Each structure stands twice: as C-alpha cells, then as structure tokens.
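Below: one structure, written as structure tokens.
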Amino acid sequence: MSQEAQKEKSMILQKEMIEGLFNDLANAKETGKKVCYTFVPGNLSELIRTFDMLPVYPEINALQSAMRKKSAGYIKEAEKNAHSEDVCTYVKCDVGMMMKGNIGPTGQKIPEPDILLLSYTGCFTFLKWFETLKREYPNAKVIMVHTPYQENAVMTPEMTEYMVKQFKEEVIPQMEAVTGIKYDEAKLKRHLELSRQAEDLIAKIFDTTKNKPSPIDAYFAGVYYIGPINIGFRGTQKAVDYYKELYSEILERIRLGLGPITPEGEMKEEKYRLVVEGPPNWTSFREFWKIFYDMGAVIVASSYTKVGGVYDLGWRHDPERPLEALAEYCMNCYTNLNIPQRIDLLSKCITEYSADGYVTNSIKSCNSFSAGQLGMMREIEDRLEVPVGFIESDLVDPRYFSYSNIKNRLESYFQMLEQRKMIKEEEKV
Amino acid sequence: MKPLNEIIQECKQLSFDLNFTRAKNWKDEKKGRVIVGYMPIYFPREIIHAAGGLPVGIFGGGDRKQIIKGDAYYQSYICHIPRSIMELALDKHMDHFDGFIFPSICDVIRNLSGMFKQLNIGKFVKYMDFPQNFLPQIGGVFYQQEMQHVLKYIKEINGLDVTTEQLNHSIDLYNKNRQMIEFIYDIRQEFPWRLSIEDVYYIVRAGTVIPVEEHNAILEEVCSHIKQNIGIPQDKVKVVISGAFCEQPAMGLIKAIEEAGCYVVDDDYMLGSRMILGDIDAKTKNPLEAISNSYIFQSQYSSSIYDVHNPKEYRLAKIVKNRGADGVIFASASFCDPSLLDAPIFQNAFNKLGIRYIAFQYSENINQYKVIKEQVGAFSDSIKLWEDEPVVAIK
C-alpha cells in the first residue's frame, strides 16, 4: 500500500488530458467557453465538442472527491440540507461540493453550467439530480434528452427516430442558442470518426483478457482505461492517441507474458479469473483492489466499464449517420440494457474470457445497477454453473464500506474457488 | 342504494384481495377476456378496457403478505414493493393475469420488468416508457407508439382490433370515474368528517381491481351518500399527504394520521387514478393522441416526471392553498429514490413559502405507528397553537 503506483506512458498521457480539461474549465470565463454539465452514460461528447463547449461530469467529480477522501464531508453537508441517507451518494457528494464552493478534484473552482444536458440514460436519479441542480443554477439551460429503455432488447427504428427528433428540434437548437455557434454536421462527423477509432481500440484492449495471464485488470484498472472516453475526450485525437499508446503497452505485456499492473507493481501469479458486476467503491478503492490482487484474482471483464458505452458486441459510432449514431450510443449503454440482456452480456464475458467466477459488488445507493442483481446472479449461476460471490458497498459514502466484512466474504469465496479447482483437477485425473 | 358502510366494506374486501378474485371471475365470465396487471404510478387504463381487457393495479402485498421468496431477489436497501410483487407472482397470486405493464417510475420498477421477463411471468411484459419530452410531435408520438405496442400484445392474445369508438367509449367511462373521485375529494375538502381518508382509500383503490363500469356504479352511490350531512366534525387540522405514490403505506398508518389529529384533504396514495386532471377528449378521431395529449398537458405533478417547465413545489403549494390545508405531510417509502430525492426540493421551497410540513418514512409492511402517530400529533398541535399565523404565503 505504501508503494507508489507504477506510471506508464499512457497513464501520464491521461493525467495530462484531465489536468488540461480542468485548467480549461477554470479559465472558461476568460476564454468565453460555454460549460455543459452532463452524465457519463449517454454522454453526447461529440455534440458538446461540435459546439466548442467544455464538459463537466458531476459523477466523475464525485468519485474523484471520494478517492481524495473528501466525499464524507460533502455528503454530510447535503444531508444537513434534507438529502436522505438512502439516496445516491454521487448526488449528495456533488451537491455538498457545490455548497462548499464547487472546488473540483484538482483544487480549481469548477465554473457554473451554461447548459445542464440531461441525458438520463439508464438512471432515473440523473433526472432528479438535474432537477436539484436546476434550482441551484436557475440561469442554466436544461436540455432534456429522453433515451428509451431497451425493454425488448432491441433498438427499434421508432426509438431511434424519437431520439433524433429530440436532437433536431430540441437539443441542437438550444445548444446553438446558448453557444451562438451554428450546428456543423461535418464537424460532428469528424468527431464521430475519431470516436469510432477510439472504440475499436477500446474493444481490442478489453478483449486482451482472453490471454492467460490476462495482461490487464478489466475492473480496477479498467476504470482508468475508460477514463478518457468517460470524461469528454471521446471524439478527439487525444483519445485515439491515448488508446493507441495503451494498446501497444498491453500488447507488449502480452508478448512478455506479464500479468496486470497493480498499485504495488506487477501481479505475479494469476490464480483466479473473475467477472465483476456493479460499480466499484471509490472511498477505499485501493484497499478494495488489494483484497483481489493479494489473492491472485484478476478481473477479466466488468459491467462497470461498459456504463459509458457497450462496444464488445460490435456497435460503433457511425459518422455517416451522425444523429442516429448518437441515439444508438445512448440506448446502448450498459444500464439501459434490460435485465436479460445484462445476463447474456455477462454470461458471454464469463465464457469468452474463461472466468472462474462471477462477483457482484452491490452498491447501496445505486438502484440502476443493484435492483435485479440477485436475480441475475441466480440465473448466471444456474446457466453456467459458475461460483458466484456477493459483496455490498457504496459509491462514495465511506460509511458503507466495511473492509473486514468484504474481506471475510471474499476470502470465503476464494476458498470456494480453490476447492472447486481442486475438484475439477481431480475429475480430470 | 346500499348503506355507505356496506359499500366501504365491499371496497375494503376488493382492495386487499391478494388473489384478485373479482378480476379472475370477470375473466371466466366470457371467453377472450384478458387481464393486464399494471404497477404504480400511472397507466392509461382506457386502452386496456377498449381492447376487451381488465386493467388491474398491482400495489404489492402490503402488510398482508409475508415476504420469503421476494427477499431472495432484492437487497435490504431496496424498497419493499418489488419484493412483495415478486412474492405475489412466485406464489401464483397472479397466474390468471395475461400480461404485466411496468410504467416508467424509477430504476427499481424498470428493472423489475426485466426480472418478470427473465422469469417468463405472464404472456407479455411491457416496460411502458412514458415520454419525458413534452412536445406532442416528439414525445406525444412516441407515447402513442408505446400504447400501440400494448394494444398489439393484447391483440396477440384475444385477436381484437380496437376501434376509435371503443376507445372513445372507454375514455368517457374513465372521465366519469375521475370526475366522481374528484367530487369525493372536493366534498372532503369542506366536510372531511363525512368520509374518513381510510374509507376514501378503500373506495379509490377498489377501482383499480374491478371493471370501471362497476367502480363507477360504486362511486355514484358514494357521491350520493356524502352529499348528505353525515358524520360529526372534529377538531383536526387539514393536511395534504405527498410522496406515497408508489409503495403504499399500510392501512394502519393511513388511519393513524387522521387519528392523530389531521384530516387528510388531499393525497397521492392512488395517484394513478387521479393522474390526469380533467377530462380527456372522448369525441375525437384519434383517441390515442387525445390520451397522449392529456398526459403531456393535463398530468398531475409526479416525482417520476421531469418538471423543469412546471416546478412541482409550486404545484404542491397550490394544492395546499386550494384545499385550504394547514400543512403537508411528506410520507416516503423507505429507499424510494424519486420521493426522497424530491424531499430537499420541496422542503427548501416550503421553508421559503412558509408552508408547514413534517416528513417521515415507512414501508408497506410496517405495523408500528406509535412514533409516527406522535410526530403527526405534535405537528397537528403545533398548527393549532399557531393557527392565527398565515400558513401559506403564496399568491
């Protein structure tokens, strides 16, 4: 734990990108750039960039506040102001941060929004979140984008058409009005082409876990890998360059037969391969990760890394159908998939990445993920006869991360995996 | 005309019949009839009725169903209603239902629709994605398509094509239904002692599990009774209940609020039955468009509908004013995201507007009301003590 994390070139690139974004945000007033608050799932990065706006992702700020141990204070502040103990802690962390001066993770003040772009893809709480923010920022323009849920596991033409109409008649005209910039479809297409390139690379990167040992951890490290596309860099050359660099680093690890990098260096022995469902805990992220890598467990796929877009199944932004592509992207984010789709996707991951087990990290305050997880777990266990594990924590509220409880549960789970391995080997003999 | 007590007893029986016997009998009476269950909050029941179906409200098992299987599907920090609906389904209370509709209300109900699909419960499962875009040519069109999907599912079962006349007829019946329910609330606004909120609850809830024609007949009789000068006025303050629109409080809790010194002159317990304010056009060539427009332009505020153009706190404040209420009781189901996330918005606004309120949480199977009763009693006393002070400072 005391060791410094190893830094590869891709990590440095990402750090520079994030710092650059927060610097731009801090200087937004001087540069005259408009600021658009929006959310990761269903984020319309390419459109935001087409209008030269700067994105702010409140849930990213919340998770970064948690990693910097600031979320407890922010949550307390929100709860003093009638926010319930039982609701999304991202919301409370964000509201508390705002009440305390809206100082972002880099220590710079985050400017007020010109636009609150409310795409509540797969999460009703987003809707409530921006209702709250609208009352705090009465001058901001709220632009609502309703993404239809994939209730029948399909994106129908009428669903796409509904979204495209919203883009054409509501989103784009309002963005034009706020920014004073005319919609330039050719520019949007250029961004979408860069998105497609980045998405190809992301799919390849997460597919490298087919290797044994897996060269990456697709959950704990995976959340860093999806960072650039989830904080507004999707659709930029910088993101493409980052993913090219990351991919080449991973290919080199495969060539050398190396396992994933952990905060304490390289993982020496891959004992268990797991698929994880649910977001991580951010307040004790390192301790949480450590429980896994200390046991030789590597995560070969996770649902959380698909929250900002599912690319495993071949879908990509298509520059030739720009608005349709944005619509399909929104509908295709993980939490906008119905429960049978989620089960199928996770089952595919377990099978294709030769996972030994499936673990659910159930988040107390995130019903978008949590409601249904127990049923999913039962179905996956029945379908694949894979050992399942279950732990509970929270996003950014440290009160709901119980290290010893989680460790005990996981240790029992790993013992089960070990016994199962022994039985399988005996059966082979 | 039946005595009021008898009507109320019948409604009570119907409301809490977890086997939905009246619906089952109705279905058995004629071949080709279908039963479609719908979850809270709101669903345009008119279209099921027009398609030869019976829409049946599913509000969970309340405090009358022990949860065993349902708990295996939901973590402790998820509200109670999905586990009790699962329990009802897995214990075969709804085996005579043909389909299930899950209106968009929150992430839990949405994901519950997926669980029903996964477990193959019913002949169809439809997640009803109500539009959050309120332009008729965008959100309205999408909503009409959603309704068409429901009609398609029903047609696959009973083979019936729905005509404009049938839809208009159904709209007309439900218009009358809402008119009479509103009449009851209007009477209670002035004479809340004529019918307790417990009685109102039974009467309105019964309408979610029986044919609308039968419910309208009941309502007509109830309206006739309460036009009379019945009951004895008591020294109670008038309150509005807000936040209890999905998972329902146990009857004991609903009663406890009035027993503790409050007349409940408005509430959102059975919000779906009162969601549309006023009539829907029943003489139109495009009834689905009329239903869609009513949702877009005539909906009551709800924690599940994005409200930026018509803020909910001012709409609730207006109800308080119009009903002559002395305060608001925010009653939220435990872990109910939409209700709890609205709490700061309401409470901050009401602090500024000078509207008195209290807030508490419940779950449908709670059976200890002492603390809540004391809280409500203290609230009622505080209002009486300072009753001369202006309560509502809005225009």
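The values are calculated or read from the model by the stated rules, or taken from the named source; none is laboratory data. Here the structure is a predicted model, which is why all the values come from computation and not from measurement. Cβ coordinates were reconstructed from backbone atoms using ideal geometry, including for glycine residues, and neighbour counts include every protein chain displayed. What goes into the accessible areas is simple: the full protein's heavy atoms, side chains included, and nothing from ligands, DNA or RNA. Shrake-Rupley method; radii C 1.70, N 1.55, O 1.52, S 1.80 Å.
Tabulated data for the structure shown
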quantity: Residue-count net charge about A:K189 - beta-carbon cut-off 10 Å; Lys, Arg +1, Asp, Glu -1; calculated: -3
quantity: For A:P111, net neighbour charge (Lys/Arg +1, Asp/Glu -1) across residues whose Cβ lies under 14 Å away; calculated: -1
quantity: Label-point separation in nm, B:R33 to B:E182, each point 7 Å along Cα→Cβ; calculated: 3.0
quantity: Mean projected area in nm² (Cα convex hull; one quarter of hull surface) for the protein assembly as shown; calculated: 35.9
quantity: Using alpha carbons only: equivalent-ellipsoid semi-axes of segment B:1-153, gyration tensor based, whole Å; calculated: 25, 22, 16
quantity: P(r) histogram, all alpha-carbon pairs of segment A:6-54 included - 5 Å bins from 0, percent; calculated: 5, 18, 20, 24, 18, 10, 5, 1
quantity: Loop sites in segment B:1-32: trypsin sites (Lys or Arg not before Pro), DSSP, at most 16 other Cβ within 10 Å; calculated: B:K30, B:K31
quantity: DSSP beta bridge pairing in the protein assembly as shown, given as percent antiparallel to the nearest 5; calculated: 5
quantity: Principal axis box of segment B:178-274, alpha-carbon based, largest edge first, Å; calculated: 37, 33, 18
quantity: Part-to-part distance (alpha-carbon centres) for segment A:149-163 and segment A:1-68, which is given in Å; calculated: 30
quantity: 1.4 Å probe accessible area per residue over the protein assembly as shown, in Å²; calculated: 37
quantity: Using alpha-carbon coordinates, inclination of helix A:157-166 to the longest axis of chain A, degrees; calculated: 40
quantity: Projected-area mean, segment A:71-194, by convex hull of Cα positions, square nanometres; calculated: 10.3
quantity: Helix axis angle, A:403-428 relative to chain A longest principal axis, alpha carbon, degrees; calculated: 50
quantity: Three semi-axes of the equivalent ellipsoid, segment A:220-276, Cα gyration tensor, whole Å, largest first; calculated: 24, 15, 9
quantity: Unit charges on C-beta of K, R, D, E only; dipole of chain B, Debye; calculated: 440
quantity: Chain B: radius of gyration over Cα atoms, expressed as a fraction of 2.2 N^0.38 Å; calculated: 0.95
quantity: Alpha-carbon centroid distance for the pair segment B:86-101 / segment B:284-339, whole angstrom; calculated: 29
quantity: Sites A:L256 and A:R286 - FRET efficiency at Förster radius 30 Å, r taken between beta-carbons, to 0.05; calculated: 0.75
quantity: Loop-located trypsin sites (Lys or Arg not before Pro) in segment B:266-314 whose Cβ has at most 16 other Cβ within 10 Å (DSSP); calculated: B:K283, B:K285
quantity: The protein assembly as shown - charge dipole about Cα centre, Lys and Arg +1 at Cβ, Asp and Glu -1, debye rounded to 20; calculated: 480
quantity: In order through segment A:59-69: 3J(HN,Hα) via Karplus (6.51 cos²θ - 1.76 cosθ + 1.60), integer Hz, x for Gly, Pro; calculated: 6, 5, 4, 5, 5, 6, 4, 5, 5, 9, 6
quantity: q = 0.09, 0.10 Å⁻¹, chain A: log10 I(q)/I(0) [Debye, one scatterer per Cα]; calculated: -0.54, -0.68
quantity: Potential extension, A:E385-A:L313 segment - 0.36 nm per residue separation minus Cα distance; calculated: 23.6 nm
quantity: Amide H within-cut-off set for A:Q150, under 5 Å, with H built and near neighbours excluded; calculated: A:N338
quantity: Size descriptor, Kirkwood hydrodynamic radius, that averages inverse alpha-carbon separations across segment A:307-429, Å; calculated: 16.8
quantity: Buried on assembly, segment A:55-95 (at least 10 Å² less accessible surface than by itself, 1.4 Å probe); calculated: A:N81, A:A82, A:H83, A:S84, A:D86, A:V87, A:V91
quantity: Selection of trypsin sites (Lys or Arg not before Pro), segment A:1-73, meeting DSSP coil and at most 14 other Cβ within 10 Å; calculated: A:K7, A:R68, A:K69
quantity: Loss of accessible area when A meets B, both sides summed, Å² nearest 100, probe 1.4 Å; calculated: 4800
quantity: Segment A:116-270: Cα Rg divided by the 2.2 N^0.38 Å rule of thumb; calculated: 1.33
quantity: Cα convex hull of segment A:1-136 - mean projected area over all directions, nm²; calculated: 9.6
quantity: Within segment A:182-226, backbone nitrogen closer than 18 Å to the virtual label 7 Å beyond the Cα of A:Q108 toward Cβ; calculated: none
quantity: GNM result for chain B, Cα springs below 10 Å: residue of B:G324, B:G53, B:G99 fluctuating most strongly; calculated: B:G324
quantity: Amide H within-cut-off set for A:V35, under 5 Å, with H built and near neighbours excluded; calculated: A:L54, A:D114, A:I115
quantity: In Hz, Karplus ³J(HN,Hα) per residue of segment A:338-347 (6.51, -1.76, 1.60; θ = phi - 60°; x = Gly, Pro); calculated: 6, 4, x, 5, 4, 4, 4, 5, 5, 5
quantity: Of B:C79, B:F100, B:L151, farthest towards positive along the dipole that unit charges on Lys, Arg, Asp, Glu beta carbons give segment B:77-169; calculated: B:C79
quantity: Long-range amide H partners of A:E392 with built H, under 5 Å; calculated: A:S362
quantity: In Hz, Karplus ³J(HN,Hα) per residue of segment A:30-47 (6.51, -1.76, 1.60; θ = phi - 60°; x = Gly, Pro); calculated: 5, 7, x, 6, 7, 10, 10, 7, 7, 10, 5, x, x, 6, 9, 3, 5, 6
quantity: Cα→Cβ-extended label distance, 7 Å offset, between A:T31 and B:K321, nm; calculated: 4.6
quantity: Positive minus negative residues near B:V209 (Lys, Arg vs Asp, Glu; Cβ under 11 Å); calculated: +1
quantity: Förster radius 30 Å - calculated FRET efficiency between B:E220 and B:E259, Cβ distance, rounded to 0.05; calculated: 0.55
quantity: Surface share of carbon and sulfur [accessible, 1.4 angstrom probe, percent] for the protein assembly as shown; calculated: 50
quantity: Helix-only mean residue ellipticity at 222 nm for the protein assembly as shown, each DSSP H run of n ≥ 4 adding -39500 (n - 2.57), per residue, nearest 500; calculated: -15000 deg cm²/dmol
quantity: Residues of segment A:47-66 with amide N under 17 Å of the 7 Å Cα→Cβ point at A:E176; calculated: A:47-53
quantity: Interface residues, segment B:69-84 - accessible area loss of 40 Å² or more versus chain alone, probe 1.4 Å; calculated: B:A72, B:Y73, B:Q75, B:Y77
